[in-house]
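Since the structure comes first, as structure tokens, the remarks are kept for the end.
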């Protein structure tokens, strides 16, 4: 299997896309709104992808709540943003974070989705671009780690693996990395005390997603996703994360060069998997041409992560929804 996660073009696979998937053999796939038309259709698409690949490939999705939610009404409930959960007093906020994540996991597990790209551990700074904004649990590293840790617990209880993001911290970015590359000028000591701290606390989580950000104090030439120094010295070293490291979307404009170059550099930097989201066939083929097989180290991390995923325990959905709504009523 190749070391990348692929996007899909639409709500069903074309013949050409099936052929591509059989040949390319990505490790897994990620789902977006363009792939979703309802529960039955989505379950069928996920089953079709896995049948095409000949294995139970991981299915990923961004389902943070608030403005970043691929599953939405009328088929699924819309969950509050991280900031809305964090507006509750402690310990109510932790209870709500965990219970909301358990409900999200129930939604995902019913569909066959196994990996959820949440929670966000970034700490928004004054003057930062709003791309993170209310997706974050606040600016106190310890409280962010507590709330995000509760989210991870709720997801794992529901049989879904969390992806903490965006390591080692996106909160200081003054521009949106979807469009241009942010440069963070903050010194190493301050970054270690603040931005890195929630990731250090949750370093035992199974998956993490990189930040497309240049940290001048660490590597002034390359964004974290493409920087061997950031991955080796900060992510793996100082933070101590030894789970699956997946790049953020390689089609984002923060990264220079072609898709092939980005892919090679991300894997050379130490990412276990390269992520490509938009389902564009030409881009996907460029990614595949530059992608190698999953490394032995990556395979070991992926196996450890998979071992953390268990069948969900018995769950009373209506009762859990009632408790969650009661908790969240305090935020209104």
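FYI, it's all coordinate maths here, none of it is from the lab. The structure presented is a predicted model; accordingly, all values stated were derived computationally and were not measured. Here the Cβ positions follow ideal geometry from the backbone for every residue, glycine too, while neighbour counts run over all protein chains shown.
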Check: C-alpha center the stretch 292-332 vs C-alpha center the stretch 195-265, spacing in Å is 23
Return the single residue from 42, 226, 123 with maximal mean-square fluctuation; model: Gaussian network over the chain, springs between Cα atoms under 10 Å.
42
Would you mind ranking 76, 27 so that the residue whose beta carbon has the fewest other beta carbons within 10 Å leads the list?
76, 27
For a label point 7 Å from the Cα of residue 43 along Cα→C-beta, name the residues of the stretch 77-98 whose backbone N is under 18 Å from it.
77
How much length would be gained if the chain were fully extended between residue 90 and residue 131, taking 0.36 nm per residue of separation minus their Cα-Cα distance, in nm to one decimal?
12.2 nm
Final fewest-first order of 295, 307, 227, 247 on the 10 Å Cβ neighbour count is 307, 295, 227, 247
Antiparallel DSSP beta bridges within the chain, as percent of all bridges there, nearest 5
10
Compute a Gaussian network model of the chain, connecting alpha carbons closer than 10 Å, and tell me which residue from 37, 122, 62 fluctuates the most.
37
Distance between modelled label sites at residue 32 and residue 304, nm, 7 Å Cα→Cβ extension:
3.2
Any idea what the relative contact order of the stretch 2-331 is, in percent, if you count C-alpha pairs under 8 Å spaced at least 6 apart?
18
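Among 215, 179, 79, what is the fewest-to-most ranking by other Cβ atoms within 10 Å?
In increasing order of surrounding Cβ atoms, one gets 179, 79, 215.
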For the pair residue 67/residue 188, report the inter-label distance in nm, with labels modelled 7 Å from Cα in the Cβ direction.
3.5
Hull volume in cubic angstrom per residue (convex hull over the Cα atoms of the stretch 2-331):
118
Taking 0.36 nm per residue of separation and subtracting the Cα-Cα distance, what length does fully extending residue 319 through residue 285 add?
7.6 nm
Between the stretch 113-192 and the stretch 1-60, how far is it from one alpha carbon centroid to the other, in angstrom?
27
